[in-house]
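Only the coordinates and a few stated rules stand behind these numbers; no lab work does. Just so it is clear, the structure is predicted and the values come from calculations on it, not from any experiment. Positions of Cβ are backbone-derived with ideal geometry, glycine not excepted, and every protein chain shown enters the neighbour counts.
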Amino acid sequence: MSALDFTRTSTTRRIGDDERAQILADPGFGQHYTDFMVHARWTAERGWGDAEVVPFGPLQLSPAAAVLHYGQEIFEGLKAFRHADGSVWTFRPEANAERMQRSARRLALPELPVEDFLASLTAATAADEPWVPEATSEESLYLRPFMFASEEFLGVRASRTVDYYVISSPAGPYFPRGVQPLIVWITDEYARAGAGGTGAAKCGGNYASSLLGKNEAAEQGADEVLFLDSETHTSIDELSGMNVFAITRDGRLLTPALTGSILEGVTRSSILALATDRGLEVIEQRLVMSEVLEQLGSGEITEMFACGTAAVINPIGEFRAKGGSWTVGDGGSGEVTLALRKELTDIQYGRIPDRHGWLTRLV
Ligand SMILES: *Cc1c(COP(=O)(O)O)cnc(C)c1O
């Protein structure tokens, strides 16, 4: 049972039916927001309270709010999927709830109980149910829970006031023109996380430090940047917001072990389970970049992909670095990669049985 009761303060919709239908016809990603948002506040004196569902709109925040100066902020990302019978479901939300608690501990923020996190998702989706797209080709309602230091205080210590919100944004298919393999730039200049740092926490600061690498990738004509370990710049960590996998000719699925500088993706963990089911040998270990590039050349590695909630699975077609460029397989989308992607999305949209018990009904 959730201790927080997220009650809706208003039933007036911000956006009319016609405008909503227009937006849902081509929502893109992260461009449009729904009618409502969920809020709760934590104070050091009282703990969590003030749960409510309020109209989506600008926040009132002191310019001295701690988050604006010291970046004490974390977030989550998950999707609500409409099934053929009209019901709305989400995927492994307990995993996101528990990860948000781990992120909170690392950023000295208060942990939101798992039940309250789940209740906040239900409240957000129930209020904005008309915004959950019909699932004709991988549309969803993207849910973004986040938490930040809102205390008006410029001293440096953990904030004694923290605000939690869930905002929702309709998302179109990630690949409207079919799955497009990524070109990935390997940066030898920047790292996203170091030993003892915040790499395993889902915090805005990690993204802030990844942006220059992403710019560098764009200058090289690449779509994404790959970060290596910060100490030796030799082994694969991850992209700025996606975990990385390789598939070998002899049926092994390789991914970097979680060393503390990598974010533990829910998609990553689901792929490990589905690959095991398929009889692939799943190996989590240090992946040395130079060895991976050699094995691409020799044909020992046949497929590579990146994964995360937004894209689900995105094939990698090519790597670029200062020393040259390397094609993955034939540069297209690998067969096993696409099969894993199809299986995962079929589970999410209720098209095949949910044998792992990963789905939770929201509405
Ligand atoms: C969110 C995120 C991922 C992917 O996690 P999912 O739970 O699969 O969406 C991977 N890397 C980073 C840095 C992230 O922030």
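Below are the figures for this structure:
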item: Virtual spin-label span in nm between residue 338 and residue 300, 7 Å along Cα→Cβ; result: 2.7 nm
item: Loop-located GluC sites (Glu not before Pro) in the stretch 27-73 whose Cβ has at most 12 other Cβ within 10 Å (DSSP); result: 45
item: Selection of trypsin sites (Lys or Arg not before Pro), the stretch 6-70, meeting DSSP coil and at most 12 other Cβ within 10 Å; result: 46
item: Value at 222 nm in deg cm²/dmol, rounded to 500, when DSSP H runs of n ≥ 4 in the chain each add -39,500 (n - 2.57); result: -8000 deg cm²/dmol
item: Other-chain or far-sequence residues with amide H under 5 Å of residue 303's (modelled H); result: 247
item: Fully extended contour minus Cα-Cα distance, from residue 211 to residue 114, at 0.36 nm per residue; result: 31.8 nm
item: Rounded tilt (10° steps) of 93-106 against the dominant C-alpha axis of the chain; result: 90 degrees
item: J(HN,Hα) series, the stretch 215-228, from Karplus relation 6.51 cos²θ - 1.76 cosθ + 1.60, nearest Hz, glycine and proline x; result: 4, 4, 4, 4, 4, 8, x, 9, 8, 9, 10, 9, 9, 9
item: Linear extension gain, residue 60 paired with residue 231, 0.36 nm per residue minus alpha-carbon span; result: 57.5 nm
item: Around residue 290: net Lys/Arg minus Asp/Glu count, Cβ-Cβ under 14 Å; result: -3
item: The stretch 117-186-the stretch 327-347 distance, computed between alpha-carbon centres (Å); result: 25 Å
item: Computed over the chain, Cα set: Rg, Dmax in Å; result: 20.8, 62
item: For the stretch 7-171: relative contact order, % (alpha-carbon pairs under 8 angstrom, 6 or more apart); result: 33 percent
item: Mean separation of Cα contacts under 8 Å (6+ apart) over length of the chain, as relative contact order %; result: 18 percent
item: For peptides 354-363, 316-325, 96-105, sequence by mean Cβ density within 10 Å, most packed first; result: 96-105, 316-325, 354-363
